[in-house]
Amino acid sequence: MRRQRLGDTLFRAVTRGFALGVLLLLGAIIASLVSGSIPAFREFGPSFLISTAWNPVKENFGALPAIYGTLVTSLLAMMLAVPIAFGIAIFLTELCPPLLRRPIGTLIELLAAIPSIIYGIWGLFVLAPVLQSVVQPALIGSLGEIPLLGVLFAGPPLGLGILTASIILAVMVLPFIASVSRDVFLTVPPLLRESAYGMGATTSEVIRDIIIPHSRAGIVGGVMLGLGRALGETMAVTFVIGNAHHIKASLLAPGTTISATLANEFTEAVSTLYTSSLIALGLILFVITLIVLAMANYMLWRMGSREEA
Amino acid sequence: MSSANLLLYGRRRAVNYIVLALSYAATVAGLLVLFLIMWSLLRNGLPAFGIDFFTQSTPPPNGEGGLLNAIYGSLVMTAVGTAIGTPVGILCGTFLAEFSRSSRLAMAVRFINDILLSAPSIVIGLFVYVVMVVPMGHFSGWAGSVALAILVVPVVVRTSENMLSLVPSGLREAAFALGAPQWKVVVLVVYRAAMQGMLTGVLLAVARIAGETAPLLFTAFNNQFWSANMDGPMGNLPYVIFQFALSPYAGWQQLAWGGALLITLAILTLNIFARLLANWSSFEK
């Protein structure tokens with residue numbers, strides 16, 4: 001009897017230990033990144049965050065171009081992905097014949113299973129040439145002619161750059177946003193939906209007036225989750241962003257992101273200051289994604305607790 | 001009906017059609033991208049498959065060779081990563097589902113775990129670089145495996161917690177009534193009941209890490225030659241695809257496409273298998 005009770009205490013302690021381990025893991029990641037980035041912050045101070053310099057030879061580094069590229073590609077990707085993802089979620093919950101619901105949902109989710117590097121190689125060899133020869137000249141010829149807005153589409157069609165990276169990112173986050181939105185759309189009580197249809201509302205009115213208001217927190221959570229993924233995405237972006245440490249107004253120009261800079265340069269960095277600057281970039285990326293993901297999970301958790309209530 | 005009413009009705013119908021047409025178009029676009037990717041993988045990757053592809057190590061530029069060392073490295077590191085990450089994840093999931101469903105610690109662990117689930121994998125690579133590669137002084141297959149294990153843990157925690165929570169409490173109570181201590185109830189009864197679901201979670205985790213490149217860049221690095229030594233740099237498929245695809249050599253690019261096709265087929269098969277397993281177990285209940 002006593003041996004059994006000892007077994008219980010031990011088993012509980014072990015599982016508790018591993019649960020604590022998960023908490024400690026996050027702390028250890030932050031601590032190791034902070035300690036690794038100390039030399040860079042000591043050398044450059046807070047101006048590391050706003051400097052646009054990136055000169056490995058003179059050892060002068062600044063994070064702004066990478067931060068800018070990370071934010072711009074991710075936001076642009078969200079602008080492209082969110083409407084399409086909602087369309088898919090609406091299709092799967094409201095329009096799709098029940099028999100096809102699972103297969104189509106699964107196919108969309110398989111998009112999320114394809115590894116980042118596959119998107120990279122596809123973006124480089126298939127998407128970029130098409131963009132360069134067809135889409136970008138069309139953009140330059142049409143939107144590029146408009147004053148003010150034209151700045152965004154100036155310059156030669158290179159195929160590689162901010163826009164290409166954003167499109168690839170949009171495809172990659174699409175399945176996440178679509179499947180989270182579908183799941184929250186499905187939490188709308190059938191009674192509400194059917195009452196609206198019963199009063200003569202059209203499908204689009206049911207979506208606008210019943211489904212979206214009811215699942216707002218969940219939708220925002222899903223979008224933020226997608227944003228968190230886009231911010232940290234590495235390989236696909238590294239292939240198609242062009243890897244240039246500068247800030248250009250044009251979306252067709254090459255740029256860089258934090259993750260692409262790390263992937264390209266980390267193993268080539270020889271000096272302590274170079275390595276430390278790259279680790280500091282990693283720390284900045286981790287902090288940004290932590291904030292976005294924490295907000296996303298809070299929104300989804302709020303949605304979940306309302307569902308149970 | 002007055003003409004004003006007709007107008008309103010017509011407009012509502014038009015708006016409805018537009019919204020529905022757009023959502024059809026969105027779905028078609030999503031599926032089209034999947035087929036386009038698979039099509040280019042098959043078209044460019046299939047010609048690379050051959051006996052050499054699976055039996056030779058990676059060649060020098062313009063040389064003849066295959067991806068044997070990279071395939072082996074990927075298999076070994078994925079296996080070791082899964083072997084380290086799975087028990088950690090299952091024990092943590094057990095704590096959340098069996099011992100402490102709503103304590104403050106459990107809430108915190110759940111929250112942090114959900115964040116780790118989507119955390120950028122390249123940062124995990126940096127972390128392992130700082131804590132393992134720097135102290136050891138060199139890149140190694142072990143470091144790569146640990147980085148992959150860190151990615152496995154949150155997936156397994158999430159699925160095993162969910163699957164354990166689905167086990168009816170009647171089963172537990174029956175075992176308790178027979179006088180079994182809690183650890184025996186969990187290990188001999190609850191784990192068995194949730195086995196298929198947990199296996200699904202592990203398969204999904206394997207599918208996730210099998211194609212991960214970013215965490216291996218600064219941990220396992222790469223090795224052009226055959227190497228079974230986990231204590232040194234190790235070849236792996238994702239890194240080879242990265243390096244070869246961006247190279248100017250046609251032979252290397254060809255191998256990169258072949259590797260990409262191989263890895264995608266493996267991952268999609270794992271994913272579909274995992275889903276079938278999940279469905280099968282839920283039908284049974």
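All of the numbers you see were taken from the coordinates with simple rules; none came from a lab. Here the structure is a predicted model, which means the values were calculated and not measured. Here the Cβ is made from the backbone with ideal geometry for all residues, glycine too, and neighbour counts use every protein chain on show.
Based on the inverse mean of 1/r over its pairs of different Cα atoms, what is the Kirkwood hydrodynamic radius of chain B, in Å?
Details: mean 1/r = 0.0456 Å⁻¹.
For chain B, the Kirkwood estimate is 21.9 Å.
Evaluate peptide A:286-299: per residue, the Cβ atoms of other protein chains within 10 Å of its Cβ; return the mean as an integer. Intermediate values should be presented prior to the final figure.
Values: counts 7, 0, 1, 5, 6, 1, 2, 8, 4, 0, 3, 8, 2, 0.
Shielding by partners across A:286-299 averages 3.
When Cβ neighbours within 10 Å are restricted to other protein chains, what is their mean count per residue of peptide B:103-116? Display every interim value, and only then the final one.
Numbers: counts 2, 0, 4, 2, 1, 5, 7, 4, 7, 10, 6, 8, 10, 6.
Neighbouring Cβ atoms belonging to other protein chains average 5 per residue here.
Two decimals is fine: what's Rg over Rh for the protein assembly as shown, C-alpha atoms, Kirkwood radius as Rh?
0.99
For B:Phe242, A:Phe41, A:Phe239, what ranking results if the residue with the fewest other Cβ atoms within 10 Å of its Cβ goes first? Write down the numbers at each step before the final one.
Details: B:Phe242 25, A:Phe41 17, A:Phe239 29.
Exposure proxy ranking, most exposed first: A:Phe41, B:Phe242, A:Phe239.
Hydropathy at least -1.0 by Kyte-Doolittle, axial extent at least 24 angstrom from the Cα trace: which helices of chain A, defined as entire DSSP H runs, fit? Each step should come with its number before you reach the end.
Numbers: long enough: A:2-44 (61 Å, 0.74); A:64-90 (38 Å, 1.98); A:162-185 (32 Å, 1.93); A:216-232 (25 Å, 1.08); A:272-308 (52 Å, 1.15).
Correct list, ordered by number: A:2-44, A:64-90, A:162-185, A:216-232, A:272-308.
Given a Förster radius of 45 Å and the C-beta distance between A:Arg302 and A:Lys58 as r, what FRET efficiency does 1/(1 + (r/R0)^6) yield to the nearest 0.05? Working shown, then result.
Working: r = 49 Å, r/R0 = 1.10.
Using R0 = 45 Å, I get an efficiency of 0.35.
Kindly rank B:182-189, B:125-132 from highest to lowest mean number of other beta carbons found within 10 Å of each residue. Each step should come with its number before you reach the end.
On the way: B:182-189: 18.1, B:125-132: 24.9.
Ranking the peptides B:182-189, B:125-132 by packing returns B:125-132, B:182-189.
What relative contact order, as a whole-number percentage, does segment A:173-240 give when Cα pairs under 8 Å and 6 or more residues apart are counted?
Values: 36 pairs, mean separation 34.2, N = 68.
RCO, segment A:173-240: 50 percent.
Taking a ≥ b ≥ c as the square roots of the eigenvalues of the Cα gyration tensor of chain A, is the shape rounded (a/c under 1.5), prolate (a/b larger than b/c) or oblate? Could you put the intermediate results ahead of the total?
Details: a/c = 2.23, a/b = 1.12, b/c = 2.00.
Oblate, because a/c is 1.5 or more while a/b does not exceed b/c.
What is chain A's relative contact order, in percent, from Cα pairs under 8 angstrom and six or more apart in sequence?
Values: 408 pairs, mean separation 84.1, N = 309.
For chain A, the relative contact order is 27 percent.
Could you tell me which of rounded, prolate or oblate describes segment B:1-152, using a ≥ b ≥ c as the square roots of the eigenvalues of the alpha-carbon gyration tensor, with rounded for a/c under 1.5 and, failing that, prolate when a/b is larger than b/c and oblate otherwise? Working shown, then result.
Values: a/c = 3.46, a/b = 1.42, b/c = 2.44.
Oblate, because a/c is 1.5 or more while a/b does not exceed b/c.
Remind me, relative contact order of chain B in percent, using alpha carbon pairs under 8 angstrom and six or more residues apart? Display every interim value, and only then the final one.
Numbers: 384 pairs, mean separation 74.9, N = 285.
RCO, chain B: 26 percent.
How much of the calculated P(r) for segment B:164-285 lies past 26 Å, in percent of all Cα pairs?
Cα-Cα pairs of segment B:164-285 separated by over 26 Å account for 46 percent.
When the scattering of segment A:219-258 is computed by the Debye formula from its Cα atoms alone, each counted once and equally, what is log10 I(q)/I(0) at q = 0.22, 0.23, 0.25, 0.32 Å⁻¹?
Debye curve over Cα of segment A:219-258, log10 I(q)/I(0) at q = 0.22, 0.23, 0.25, 0.32 Å⁻¹: -0.76, -0.79, -0.84, -1.01.
Can you tell which of A:Gly87, A:Gly226, A:Gly21 shows the greatest fluctuation in a Gaussian network model of chain A with Cα springs below 10 Å?
Per the Cα network of chain A with a 10 Å cutoff, A:Gly21 tops the list.
List the DSSP H helices in chain B whose Cα atoms stretch 15 Å or more along the helix axis and whose mean Kyte-Doolittle hydropathy is at least 0.5. Write down the numbers at each step before the final one.
Working: long enough: B:3-45 (62 Å, 1.06); B:68-94 (38 Å, 1.31); B:104-118 (22 Å, 1.07); B:141-166 (37 Å, 1.32); B:195-210 (22 Å, 1.50); B:250-284 (51 Å, 0.90).
Flagged H segments are B:3-45, B:68-94, B:104-118, B:141-166, B:195-210, B:250-284.
Of A:Trp122, A:Ala28, A:Ile50, which is farthest towards the positive pole of segment A:1-154's charge dipole, taken about the Cα centre with +1 and -1 on the beta-carbons of Lys, Arg and Asp, Glu respectively?
Of the listed residues, the answer is A:Ala28.
Count, for each residue of B:210-216, the Cβ atoms from other chains sitting within 10 Å of its Cβ, then give me the mean as a whole number.
Values: counts 1, 7, 5, 10, 10, 1, 0.
Mean shielding by partner chains, rounded to a whole number: 5.
In Å and whole numbers, how far do the C-alpha atoms of segment A:106-236 stretch along each principal axis, longest first?
The Cα atoms of segment A:106-236 stretch 55, 38, 22 Å along their principal axes.
Rounded, prolate or oblate: which one fits segment B:70-197, using the alpha carbon gyration tensor with axes a ≥ b ≥ c (rounded when a/c is under 1.5, else prolate when a/b beats b/c, else oblate)?
Working: a/c = 2.88, a/b = 2.03, b/c = 1.41.
Cα axes put segment B:70-197 in the prolate bin.
How large is log10 of I(q)/I(0) for segment A:38-177 at q = 0.09, 0.17, 0.21 Å⁻¹ when the intensity is taken from the Debye formula with one equal scatterer per alpha-carbon?
-0.43, -1.07, -1.21
For segment A:1-57 and segment A:236-257, write down the distance between their C-alpha centroids in whole Å.
First find each Cα centre; the distance between them is then 31 Å.
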